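Here is the structure we will look at.
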Amino acid sequence: MSGSEVNELFPGYSIPPHYKALYQPQGGFIESEAAIKTHVEA
């Protein structure tokens, strides 16, 4: 989906229209900084 579609579906976001996104209703999100820190410390 495009950034515009994300912004429409989730009004709190302001993603540039040319960006692409993948939406999985059953999915979640990963806090990238915490994931990287955990990986480095492992």
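Throughout, read-outs are computed from the coordinates displayed, never taken from laboratory work. On a predicted model such as this, the values are computed, not experimentally measured, just so you know. Positions of Cβ are generated from backbone atoms using ideal geometry, with glycine treated the same way; all protein chains shown enter the neighbour counts.
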Simple SL model, points at 7 angstrom along Cα→Cβ for residue 23 and residue 41; separation in nm is 3.5 nm
The simple spin-label model distance between residue 32 and residue 4, using points 7 Å out along Cα→Cβ, in nm, is 2.5 nm
Among the GluC sites (Glu not before Pro) within the chain, which fall in a DSSP loop and have no more than 12 other Cβ atoms within 10 Å of their own Cβ?
31
Could you give me the ³J(HN,Hα) list for the range 4-10, computed from phi with Karplus coefficients 6.51, -1.76, 1.60 and θ = phi - 60°, whole Hz, x at Gly and Pro?
4, 5, 4, 4, 6, 6, 10
Stokes-Einstein D (µm²/s) once Rh is taken as the Kirkwood radius of the chain over alpha-carbon pairs, at 20 °C in 1.002 mPa s
178 µm²/s
Percent relative contact order of the chain, based on C-alpha pairs within less than 8 angstrom and at least six residues apart?
34 percent
Summing -39500 (n - 2.57) over every DSSP H run of at least 4 residues in the chain and dividing by its residue count gives a helix-only mean residue ellipticity at 222 nm, to the nearest 500 deg cm²/dmol, of -11000 deg cm²/dmol
